[in-house]
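K.L.:
Handing you a structure now.
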Amino acid sequence: MPVSNYRRKYYDLFSGVYDKFVAFHSKDSQANVRQFFARVVPVQAGDRVLDICTGTGTLLAYLGKKVGKSGLVVGVDFSMGMLQVAKEKLETFQNVHLIESDAGYLPFKNSAFDAVTCSHAFYELKGETQDRTLRSIVRVLKPGKPFLMMEHDIPESRFVRFLLYVRFFSMGAKRAITILKHEKEMLQQYFRDVRKMETPTGRSKIWVCLNEDRSD
Ligand SMILES: C[S@@+](CC[C@H](N)C(=O)[O-])C[C@H]1O[C@@H](n2cnc3c(N)ncnc32)[C@H](O)[C@@H]1O
């Protein structure tokens, strides 16, 4: 079985308990950090937003409210298990759509979205998938529009820091060092302006990356 199928199966198995696990692990049963993330995504009524590696779709509901009935929110994930949980959660949202796809091969036209988001998932992509995903995001974003990526910040607790480093090094040592030391530079290879924003918990950070003002 190809590695990506094992990874998919892992997320499928995890999907049933994912929301409970996140609430417990992050001590955030109200999904406050994802609500904060949705608030800072600079979109308005009528806009189109793509959330990659959407998981159980918690962010999609907040984004759906923000862009309203005239807008569109698309959540992409390669795990049908995760998407099934998201579907049940989002039944009442007519403007939210779910699509099964690998983040590195986004099935959308060039310049289709006003914003692209990714929450607590980018670090879990393999090195070559990370590069492919960033290239895909640049392609599907409108010129000058933002990609926002929320990730765990380096934790103060030694033990939690150790666990994060284990996760990084499971991607390969070279990739781990790039992310730990040169994350901003990595994003700057794809986007013209990259800024870091803190979150209220201090445990997550958000990278706000503006797409080039290019013509297709
Ligand atoms: C840690 S979860 C994050 C879910 C959600 N964004 C959140 O904030 O809770 C990572 C998600 O990324 C998805 N994923 C991992 N690799 C992927 C890939 N190559 N393409 C699409 N989805 C992927 C997994 O199926 C999983 O749902």
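Every read-out reported here was derived from the displayed coordinates using simple, explicitly stated rules and does not represent laboratory data. Computed from a prediction, not measured in an experiment: that's the story for all the values here. Here Cβ is always computed from backbone atoms with ideal geometry, including for glycine, and neighbour counts include all displayed protein chains.
K.L.:
In region 1-155, how does Rg compare with the Kirkwood Rh, expressed as the Rg/Rh ratio over alpha carbon atoms? Present the calculation step by step, with values, prior to reporting the outcome.
P.N.:
On the way: Rg = 14.7 Å, Rh = 15.7 Å.
So for region 1-155, dividing Rg by the Kirkwood Rh gives 0.94.
K.L.:
Using just the helices of the chain, give the 222 nm mean residue ellipticity in deg cm²/dmol: DSSP H runs with n ≥ 4 each add -39,500 (n - 2.57), and the total is spread over all residues, rounded to 500. Can you show the working numbers first?
P.N.:
Numbers: 8 runs with 92 residues, N = 216.
Rounded to the nearest 500, it is -13000 deg cm²/dmol.
K.L.:
When the dipole is taken about the Cα centre of the chain, and only Lys, Arg (+1) and Asp, Glu (-1) are charged at their Cβ, what size is it in debye, to the nearest 20?
P.N.:
Values: 33 positive and 24 negative charges, 52 e Å.
Dipole about the Cα centre, nearest 20: 240 debye.
K.L.:
How much net charge surrounds ILE177 when only other residues with a Cβ under 13 Å from its Cβ are counted (Lys, Arg +1; Asp, Glu -1)? Spell out each step's value before the answer.
P.N.:
Values: positive: LYS174, ARG175, LYS181; negative: GLU183, GLU185.
Value of the local net charge: +1.
K.L.:
A further question follows. What residue among TYR62, SER4, SER157 has its Cα farthest toward the positive end of the dipole of the chain, where the charges are +1 on Lys, Arg and -1 on Asp, Glu, each on the Cβ?
P.N.:
It is SER157.
K.L.:
Of LYS145/LYS184; LYS145/LYS181; LYS145/LYS205; LYS184/LYS205; LYS65/LYS89, which pairs sit farther than 22 Å apart, going by alpha carbon to alpha carbon?
P.N.:
LYS145/LYS181
K.L.:
Can you return the aspartates and glutamates within cross-link range of LYS9? Criterion is Cα-Cα under 18 Å, with same-chain partners fewer than 8 residues away left out.
P.N.:
Once the sequence-local aspartates and glutamates are set aside, what remains near LYS9 is ASP19, ASP77, GLU100, ASP102, GLU124.
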